[in-house]
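S.K.: Following this message is one structure expressed as structure tokens.
The values are calculated or read from the model by the stated rules, or taken from the named source; none is laboratory data. Predicted model, so just to flag it, every value in this text is computed and none were measured. Note: ideal-geometry Cβ built from the backbone for every residue, glycine included; neighbour counts use all protein chains shown.
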């Protein structure tokens, strides 16, 4: 089962990718996590990507394509994967198609996540991270007992630069300009499924699982 969870930043696709990957026992591949790990490790790719990430801009294709391609062709993705945050433009999508075709694989579904812009800004700008142990919190959905102090280690919380409201607006603008064309691309392939993310997490998860179970049943019946 090879899936893409596509949508603007903060729409909730990462949360759902994590949940669905556990239920379906497939790998969750987050391009953002891969890049942030490279940034933290100060690799060559990480150093180049850092300035783009902190400005809310898309990382150039040549930096992200290689790191994602290596991951989805590794042993950890042998049983399938959910790509979260990749591809982000038509060029990346075509490179992904070529990489899969060369491995004798195809995409099964692309889930397109949508939510109101004000909801997205609230979700992202409320995120906080402990600078000591790395624990994640949210000012509204999962606040700490003591304001801006980590419940686990007592260190101060920080806000990532790419989660500042002004940066979020840049990220959403970039998404609309460079990423929305993927909706038409995958729609023409008849593998696109739209997911409204204004509701609660449990309902969103069930709608995705219902589509996947239906897809698997149709495959089984065809065989």
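S.K.: Quick one: would you say residue 190 is touching a helix residue (DSSP H, G or I) at 6+ places or on another chain (Cβ under 8 Å), part of a loop (DSSP other than H, G, I, E, B) and loosely packed, with under 14 Cβ neighbours inside 10 Å?
M.R.: Working: touching a helix residue (DSSP H, G or I) at 6+ places or on another chain (Cβ under 8 Å): no; part of a loop (DSSP other than H, G, I, E, B): yes; loosely packed, with under 14 Cβ neighbours inside 10 Å: yes.
The answer is no for residue 190.
S.K.: Tally time: how many residues in the stretch 123-152 are without any contact (Cβ under 8 Å) to a residue 24 or more places away in the chain and farther than 25 Å from residue 198 by Cα?
M.R.: Restricting attention to the stretch 123-152, the residues satisfying the condition of being without any contact (Cβ under 8 Å) to a residue 24 or more places away in the chain are 126, 133-152.
Now restrict to residues that are farther than 25 Å from residue 198 by Cα: 133-135, 145-152.
Counting residues in the stretch 123-152 that are without any contact (Cβ under 8 Å) to a residue 24 or more places away in the chain and farther than 25 Å from residue 198 by Cα gives 11.
Matching residues to (1) assigned to a strand (DSSP E or B); (2) under 22 Å from residue 122 (Cβ atoms); (3) out of contact with any strand residue (DSSP E or B) (no Cβ under 7 Å at 6 or more places or on another chain); (4) at pLDDT 90 or above:
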position: 168; (1), (2), (3), (4): no, yes, yes, yes
position: 174; (1), (2), (3), (4): no, yes, yes, no
position: 177; (1), (2), (3), (4): no, no, yes, no
position: 182; (1), (2), (3), (4): no, no, no, yes
position: 195; (1), (2), (3), (4): yes, yes, no, yes
position: 202; (1), (2), (3), (4): no, yes, yes, yes
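S.K.: Which residue, of 40, 70, is without any contact (Cβ under 8 Å) to a residue 60 or more places away in the chain and within 21 Å of residue 9 (Cβ to Cβ)? Please lay out each step first, then the result.
M.R.: Values: 70 fails: within 21 Å of residue 9 (Cβ to Cβ).
Checking each option against the conditions leaves just 40.
S.K.: While we're looking at this one, here's another question. Residues of the stretch 153-165 being farther than 15 Å from residue 52 by Cα and either touching a strand residue (DSSP E or B) at 6+ places or on another chain (Cβ under 6 Å) or without any contact (Cβ under 8 Å) to a residue 40 or more places away in the chain (or both), which ones? Can you show your working first?
M.R.: Taking the stretch 153-165 first, the residues farther than 15 Å from residue 52 by Cα are 153-159, 165.
153, 154, 155, 156, 157, 158, 159 - these are the residues of the stretch 153-165 that are farther than 15 Å from residue 52 by Cα and either touching a strand residue (DSSP E or B) at 6+ places or on another chain (Cβ under 6 Å) or without any contact (Cβ under 8 Å) to a residue 40 or more places away in the chain (or both).
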